[in-house]
Structures are given as structure tokens and as C-alpha cells.
Amino acid sequence: MPRTRAGRDPIEAGMSDARPPPANDNRDAKAPPCPICGRPRVDKYTPFCSKRCADVDLYRWLKGSYVIPGSEGSGNGGKEGEE
């Protein structure tokens with residue numbers, strides 16, 4: 001039976017499934033960089049590299065720098081079919 005790094009049986013070590021990851025597991029693939037500064041990502045702040053970059057992105061959303069395209073002059077508050 002395969003052993004863990006500590007030399008214990010996987011079942012004893014608390015791992016009920018000791019199979020290797022699937023072939024399509026992309027953990028080793030290079031992740032895209034932080035969209036704000038271009039540095040490598042950090043799992044804790046994904047898709048950003050730091051709390052600072054996450055906060056910069058949030059500020060841009062709140063300020064209105066990011067806009068989702070659409071018609072602006074409908075005047076009915078987004079409710080279709082009403083006049």
C-alpha cells in the first residue's frame with residue numbers, strides 16, 4: 001500500500017482517497033498574472049497578487065471605471081415591457 005511522506009498509511013493519515021490527481025489537473029499550468037500590476041497571482045487573493053491590488057480593483061468598480069456596455073437611455077429602470 002502507498003505511504004504518505006510521513007510514512008503513514010493514507011487511510012491512517014486521514015486521506016480516504018490516495019489516488020493521483022486527474023490528467024487534466026491544471027495546477028502546474030502557469031496562471032495568468034495579476035490583472036492590476038502583472039505580478040504572479042497569490043492563492044489567497046486570486047485573481048490578484050495582493051490585498052492592495054484587490055482593493056484597487058474594487059475601487060475601480062465602485063468609482064464606475066468599469067462599465068458593462070448596454071443602452072443607457074431606456075428610462076424604464078431596466079424593466080422591459082412597461083411604458
**Request:** Inspect region 50-58 for any residue being in a loop (DSSP other than H, G, I, E, B), modelled with pLDDT of 60 or more, within 15 Å of the chain's Cα centre (by Cα) and surrounded by 10 or more Cβ atoms within 10 Å (Cβ to Cβ) and give the result as yes or no.
**Result:** yes
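For (1) of a type in the set (G, A, S); (2) at positive phi; (3) surrounded by 12 or more Cβ atoms within 10 Å (Cβ to Cβ); (4) at pLDDT 85 or above, each residue gets a yes or a no:
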position: G14; (1), (2), (3), (4): yes, yes, no, no
position: K30; (1), (2), (3), (4): no, no, no, no
position: V42; (1), (2), (3), (4): no, no, yes, yes
position: G64; (1), (2), (3), (4): yes, yes, no, yes
position: S71; (1), (2), (3), (4): yes, no, no, no
position: G81; (1), (2), (3), (4): yes, yes, no, no
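The values are calculated or read from the model by the stated rules, or taken from the named source; none is laboratory data. This one's a predicted model, so the numbers in the text were calculated from it and none came from an experiment. Cβ sites come from the backbone with ideal geometry, for glycine too, and all protein chains shown count toward neighbours.
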